[in-house]
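Enquirer: What follows is a structure written as structure tokens; I'll ask about it next.
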Amino acid sequence: MKFLLPYYRKYTTSLIWGGILVIILTLMIFPSPFLTRHILDEVIPEKKLSELFFMIIAVLIILSVQRIVSYYQGLIFYRINSKIIFDIRIDMLRAINNITAEQHLLYGSGYLMSRINDDTDRLHSLFADSMIDIIKDVLTLIFGCMAIFYLHWKLALTTIVLLPLFLFTSSHFSKKIKLKSTIFYENNSQCSRTLEECLNSSILQKLFGRLNYNIIRYYKISAKSYYSDIDLGKTALKNGLITGFISGLLPLIVIGFGGYEIINNRLTLGGLIAFNSFTGYLFGPTNRLVNINVTMQSAIVALNRIKEIFRIPKDNDSTYKNIIRNIESLELNDVVFFYETNKIILNKISFQIYKGQKIGICGGSGGGKSTLFKILTGLYLPTDGKIKINGMELTDDSILSLRKHIAIVDQEPFLFDDSIYNNIAFGKAGATEEEILKMAQKARVDEFVKQLPDGYETQTGIKGGLLSVGQKQRIALARALLKQPKILLLDEATSAIDPISEEFIVNTIHNLPSDMIIIIVAHRLTTIKNCDNILVLNEGRIVENGTHYELMKLQGLYCSMNNI
Ligand SMILES: Nc1ncnc2c1ncn2[C@@H]1O[C@H](COP(=O)(O)OP(=O)(O)OP(=O)(O)O)[C@@H](O)[C@H]1O
Ligand SMILES: [Mg+2]
């Protein structure tokens, strides 16, 4: 609950207003039963017709005011709760944005999405249904107790004997429900994870003629969720069964003992009816409190799951410090890297590159080229060895500042489901149209955009799915150039672009401002031929290194790759 306090604090004024309305509402349940008793015991027997009329009007007014107050009270709390869910969702996304690349892969997007959507949805029941009802019910319970004791203390004593029974049942079931909802929610999130993958792979399975593949996968995981749901439901129903039975005993006691008291002239019929209304106020809330406890248990589980998201290891989230202002050199000293699998991916990588230079990297598939870029951008930290910028070791603190100067074009460029224009504009906040169009020209986006009816406003589809790979690569390149980075990393950035356009782009890259550091990973060696230095990476090691001519002379791996 401590977790929610800062969220509620923002709405203190509304909460106070809501609280006042709750108290008014609770107090308003009292006049009616007393008026009813008065009507039954005095007004009707004494045939006071006009008083009867006024009494009915009074009850009607009370009822109307009660409903209106209840509407406003409901509205105030509903607004606060929806806004809090909204705030929590934004904060969760902020937290997920900061989790390490490693953790992101581990959890998967579908799973994290379900955590943001479903778990916060469940919180809604904790706020909207429960919190206010708890306050209202506790107040009603206290006042109701006072009223029944006032009306007939002996009968009151007999009825409240059932309360401890209620409380015992409730605590017994709440523990069970908490455990079962934890299992159910987890299974549900796993379902979302699988579902996301199923939807993403629907075309693949069509092409392979395996239409049932995803259904079977999803069926298996959904079945798990289904059984845990049934298990949870069963426990909740059992809880209802027992508490329902206990509350069913109530009228028996009231009518039995109350009737006995009436027969002995110690209670009037009006008194019994008023008493009965109050026991409704007494056991109604108790019953709800017990059920709320059930809903609350699952909401508390959801709350704990939300808190977990905030505890996933994050990238260094210290505030941004402008440590690296300019980039003169980049140096790797014996960098070693393992993913969690413990297989060595980068083995003592060392090289230096200075402002204005270009390095080309080539080598076999799985050699560690993309991994090297993940380390240069600080997505992963080296297991051993050092990265130095301007001779200073790269630390947690300087990574954010380094990223300001780096732009990367990924091997599988990601595009937003937005216009081509906005996808390029993403590269630099506040970029002008002129800058954007200039970069689009440099990366040859212009060439294919001209042929599109909507031009730069053409939508790219989810993950840029409405474009060809080569088109996506050009957009990604334009986006990176727009950033005007000091270090440009190109990971197979032109692999899917036709040779003529590629040559144009490679020329553009070679004519970029001379104070840039450019590292180009390419399988097509013409792309890196003119680099100042070429590294051949094989199984995590630099096996050859030199200019194109030096490497060709060496007659080694590079030379053989060139001759294919
Ligand atoms: N997140 C990961 N967890 C564990 N292992 C990984 C992960 N990503 C990549 N690897 C492994 O690291 C090795 C290097 O992968 P990397 O993507 O760096 O190769 P690459 O040189 O870029 O290959 P390609 O030329 O095919 O793009 C591979 O053996 C791969 O299986
Ligand atoms: Mg790669």
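Enquirer: Enumerate the pairs (first residue in the stretch 358-381 and not assigned by TED's automatic domain parsing to the domain that holds Gln103; second residue anywhere and more than 10 Å from ligand 1 (Cβ to nearest atom) and acidic (Asp, Glu)) with beta-carbon separation below 7 Å, excluding pairs fewer than 6 apart on the same chain, so at least 6 apart or on different chains.
Expert: Partner pairs satisfying both residue conditions: Lys358/Asp532; Ile359/Asp532.
Enquirer: Let me ask something additional. Among the listed residues Lys374, Lys358, identify the single one that is closer than 17 Å to Ala407 by Cβ, at pLDDT 90 or above and more than 14 Å from ligand 2 (Cβ to nearest atom).
Expert: Lys358
Enquirer: Considering only the stretch 377-402, state which residues are touching a Phe, Trp or Tyr at 6+ places or on another chain (Cβ under 8 Å) and within 16 Å of ligand 2 (Cβ to nearest atom).
Expert: Passing the criteria: only Tyr380.
Enquirer: Only one residue in Ser247, Ser277 is closer than 18 Å to Met146 by Cβ and assigned by TED's automatic domain parsing to the domain that holds Arg37, so which one is that?
Expert: Ser277
Enquirer: Moving on. Test Leu452 against the stated conditions and say whether it is away from ligand 1 (no atom under 16 Å from the Cβ) and more than 25 Å from Leu105 (Cβ to Cβ).
Expert: yes
Enquirer: Condition check: at negative phi, in contact with a helix residue (DSSP H, G or I) (Cβ under 9 Å, 6 or more places away or on another chain), in the same structural domain as Leu481 (by TED's automatic domain parsing) and surrounded by 15 or more Cβ atoms within 10 Å (Cβ to Cβ). Does Val409 satisfy that?
Expert: Considered against the rule, which asks whether it is at negative phi, in contact with a helix residue (DSSP H, G or I) (Cβ under 9 Å, 6 or more places away or on another chain), in the same structural domain as Leu481 (by TED's automatic domain parsing) and surrounded by 15 or more Cβ atoms within 10 Å (Cβ to Cβ), Val409 comes out as yes.
Enquirer: Turning to a different aspect of this structure: Just checking: which of the helices (runs of 4 or more DSSP H) contained wholly in the stretch 31-127 hold 2 or more residues that are free of Cβ contacts under 8 Å to residues at least 40 places away in the same chain?
Expert: The helices (runs of 4 or more DSSP H) meeting that bar are 31-38, 49-98, 101-107.
Enquirer: On to the next question. For the stretch 438-468, which positions are farther than 24 Å from Asn511 by Cβ, in a helix (DSSP H, G or I) and modelled with pLDDT under 90?
Expert: If the condition is that a residue be farther than 24 Å from Asn511 by Cβ, in a helix (DSSP H, G or I) and modelled with pLDDT under 90, then Ile462, Lys463, Gly464 are the ones that fit.
Enquirer: List every residue pair whose Cβ atoms sit under 8 Å apart, with the two residues 6 or more apart in sequence or on different chains, where the first one lies in the stretch 342-353 and is among the basic types (Lys, Arg) and the second, anywhere, is surrounded by fewer than 20 Cβ atoms within 10 Å (Cβ to Cβ).
Expert: Lys348/Asp334; Lys348/Val336; Lys348/Gly385; Lys348/Arg541
Enquirer: Shifting gears a bit: Tally up the residues in the stretch 412-455 that are of a type in the set (S, T, N, Q) and touching a residue at least 24 places away in the same chain (Cβ under 8 Å), please.
Expert: 2
Enquirer: Any residue at all in the stretch 311-328 that is over 30 Å from Ser560 (Cβ atoms) and of a type in the set (Gly, Ala, Ser)?
Expert: Yes, there is a match, as at least one residue in the stretch 311-328 is over 30 Å from Ser560 (Cβ atoms) and of a type in the set (Gly, Ala, Ser).
Enquirer: What do you reckon, is Ala493 assigned to a helix (DSSP H, G or I) and buried (at least 24 other Cβ atoms within 10 Å of the Cβ)?
Expert: In short, no.
Enquirer: Could you grab me the full set of residues in the stretch 354-369 that are surrounded by fewer than 17 Cβ atoms within 10 Å (Cβ to Cβ) and of a type in the set (Gly, Ala, Ser)?
Expert: Gly356, Gly364, Ser365, Gly366 - these are the residues of the stretch 354-369 that are surrounded by fewer than 17 Cβ atoms within 10 Å (Cβ to Cβ) and of a type in the set (Gly, Ala, Ser).
The values are calculated or read from the model by the stated rules, or taken from the named source; none is laboratory data. Quick caveat: nothing in here was measured; it's all calculated off a predicted structure. Positions of Cβ are backbone-derived with ideal geometry, glycine not excepted, and every protein chain shown enters the neighbour counts.
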